[in-house]
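S.K.: Before I ask anything, here is the structure I am working with.
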Amino acid sequence: MGKKCRDYISELNDFIDGELDPQLCLEIEKHIGECENCRIMVDSLQKTVKLCREGKSEKLPAELEKKLNNILLKRWNEKFGAA
Ligand SMILES: [Zn+2]
């Protein structure tokens, strides 16, 4: 039951942006509390987002968001195998 780690990855950008549905946000927070892998993901994503924002605009360019998601998914697949 419930979502798998991989299901959360696509939501993480919005989660970090604070633009996620509050219900989903809680769900992710709960999962992160229980899952070290996702905690590391969010952590590194947050750092990257912070760096980007310090560099320029408030919001991540869609292109970069997409790239980040791909990197995360790739790492995930390397670790746990492709879906
Ligand atoms: Zn997880």
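The values are calculated or read from the model by the stated rules, or taken from the named source; none is laboratory data. Model, not experiment: these values are computed from the prediction. Every residue, glycine as well, gets a Cβ built from its backbone with ideal geometry; the counts of neighbours run over all protein chains shown. We work out accessible area using only protein heavy atoms, side chains counted, and drop any ligands, DNA or RNA first. Shrake-Rupley method; radii C 1.70, N 1.55, O 1.52, S 1.80 Å.
S.K.: Could you go through segment 52-60 and let me know if any residue there is under 16 Å from Cys5 (Cα atoms) and free of Cβ contacts under 8 Å to residues at least 40 places away in the same chain.
M.R.: No, because not a single residue in segment 52-60 is under 16 Å from Cys5 (Cα atoms) and free of Cβ contacts under 8 Å to residues at least 40 places away in the same chain.
S.K.: Another question, then. Return the total of residues in segment 11-26 being open to solvent by 70 Å² or more (accessible area, probe 1.4 Å) and either touching a residue at least 12 places away in the same chain (Cβ under 8 Å) or hydrophobic (A, V, I, L, M, F, W, C) (or both).
M.R.: 1
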